[in-house]
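Presented below is the structure to which this report refers.
The values are calculated or read from the model by the stated rules, or taken from the named source; none is laboratory data. These numbers come from a predicted model, not from an experiment. Heads up, the Cβs are rebuilt from the backbone with ideal geometry, glycines too, and the neighbour counts pull from every protein chain shown. Quick note on the areas: whole protein, heavy atoms, side chains included, nothing else; ligands and nucleic acids left out. Shrake-Rupley method; radii C 1.70, N 1.55, O 1.52, S 1.80 Å.
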Amino acid sequence: MKKTILTGIRPTGNLHLGHYFGACQNWLKLQNEYEFFLEIADVQALTDNFDHPEKVRMNVKELAIDLLSIGIDPKKTTLFIQSKIPEIAELTVFYSNLVTIARLYRNPTVKTEISQKKALFGNDGESVTYGFVGYPVSQAADITAFTGELIPVGEDQLPLIEQCREIVRKFNHIYGDTLKEPEALLSPTPRIKGLDGNEKMGKSLGNAIYLADTEETISKKIMNAKTDTTKIKKDDPANPEVCMVYYYHKLIKNDHLETVCEECKKGSRGCVTCKKELIEKMNEFLKPIREKRTYYLEHTEEVQKILEDGSKVAKKKAENTLSNVKTKMNINYEEL
Ligand code: TRP
């Protein structure tokens, strides 16, 4: 029996290289080896975008197209939309009795996110919503609904997996063995640096290269990428290890990497030449993704069908979990 893998992604923007190399590339491998459920977490995205539902709505389609374009294969992966599975919401209600508010507030991920979202939740988090503080409970429902055993996530998500494990243990302790305790599967390359040299590439940091970027945009972004600031003249020797251009040459596996490195160190390679080469290689790397993107944009009915079919398969699985949960909780009224 193949193990079940479940992960989710919030539809709040297009995929960038940080997502691709930090998480998605690993998913492409996992979908060949495991039973893979991939959730477009629209309900979760609404917990901090409730005032902009149109943003979430628009990005569900964008994200689905991005995921299919990079090679998420609907024959191997069950790709589905969270809100299409109401069983998740029902499980969330049942699990909410097993979690204290104090514990939710102590969750490091929740804590960090509240302090990062001052515009939405106020300076001391005084406007934080019940839905937001409770999202770890909903995420535990995501995981258990599909009997997720291995959960590929970044480090920032570990406290959520831990909280899910606690809920599972408490459920099993009170109602009898029912749910499986999931395990986190940490990404081998969790963080990808941004164009500005920041340790993290992120949408809000404005330092990302998107898979959907046009050739023109890629060219502009790379021309402005951070290089070794001590290099003033074109033939000054420089240190590739502090240069983002070299970093991306490495990331997309330029086959002349050693030459790039040596020439940079010797001062025989100017930054403009180096950037132009990266632009070319980056476009080569993005070409097949762009082609698939164009295809899916022209065939959105296919994307729609993939999401509908995936959501049907996912729903069956969640119905089964919910039925087990209700039976154990004594709220199954098939017979009075
Ligand atoms: N919280 C995750 C994130 O922001 C997304 C997510 C939703 C998720 N449901 C999940 C991750 C279930 C793992 C399992 O990245």
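Expressed as a rounded percentage, what relative contact order does the chain have, with Cα pairs under 8 Å and six or more residues apart? Please report the intermediate quantities before stating the final value.
On the way: 493 pairs, mean separation 74.1, N = 336.
Over the chain, the number comes to 22 percent.
Only helices enter the 222 nm calculation for the chain: every DSSP H run of n ≥ 4 contributes -39,500 (n - 2.57), and dividing by all residues gives -16500 deg cm²/dmol, rounded to 500. Taking label points 7 Å from Cα along the Cα-to-Cβ direction, Glu301 and Asn172 give a separation of 4.7 nm.
Beta bridges per DSSP, both residues in the chain: antiparallel share near 5 percent. Between 0 and 90 degrees, the angle of helix 158-175 with respect to the longest Cα principal axis of the chain falls at about 10 degrees. What the phi angles of the range 291-296 give under the Karplus curve with 6.51, -1.76 and 1.60, with θ = phi - 60°, is a coupling list of 5, 5, 4, 4, 4, 5 Hz, glycine and proline written as x.
Couplings 3J(HN,Hα) for the range 326-336, derived from phi with the Karplus relation 6.51 cos²θ - 1.76 cosθ + 1.60 (θ = phi - 60°), are 5, 4, 5, 8, 6, 10, 10, 9, 4, 10, 8 Hz, where x marks Gly and Pro. When its C-alpha radius of gyration is set against 2.2 N^0.38 Å (N residues), the range 215-294 gives a value of 1.11. Values of log10 I(q)/I(0) for the range 217-262 across q = 0.18, 0.33 Å⁻¹ run -0.57, -1.22, by the Debye formula with one identical scatterer at each alpha carbon and no solvent.
Distance from the Cα centroid of the range 5-64 to that of the range 73-119 is 14 Å (rounded to whole angstrom). Judged by the mean number of other Cβ atoms found within 10 Å, the most tightly packed of the peptides 133-142, 67-76 leads the ranking 133-142, 67-76.
Against the chain, whose longest principal axis is taken from its Cα atoms, helix 257-266 shows a tilt of about 50°. The mean accessible area for residues of the range 215-294, using a 1.4 Å probe and ignoring ligands and nucleic acids, is 59 Å² per residue. What's the center-to-center distance, using Cα atoms, between the range 224-262 and the range 166-218 in Å? That distance is 28 Å. Only protein atoms count toward the accessible area here, which uses a 1.4 Å probe; on the chain, the carbon and sulfur part of that area reaches 53 percent. The largest-to-smallest principal axis extents of the Cα set in the chain are 84, 46, 37 Å. Remark: the range 6-19, residue by residue, has Karplus-estimated 3J(HN,Hα) of 9, 9, x, 9, 7, x, 10, x, 6, 6, 10, 4, x, 5 Hz, where x stands for each Gly or Pro and the curve is 6.51 cos²θ - 1.76 cosθ + 1.60 at θ = phi - 60°.
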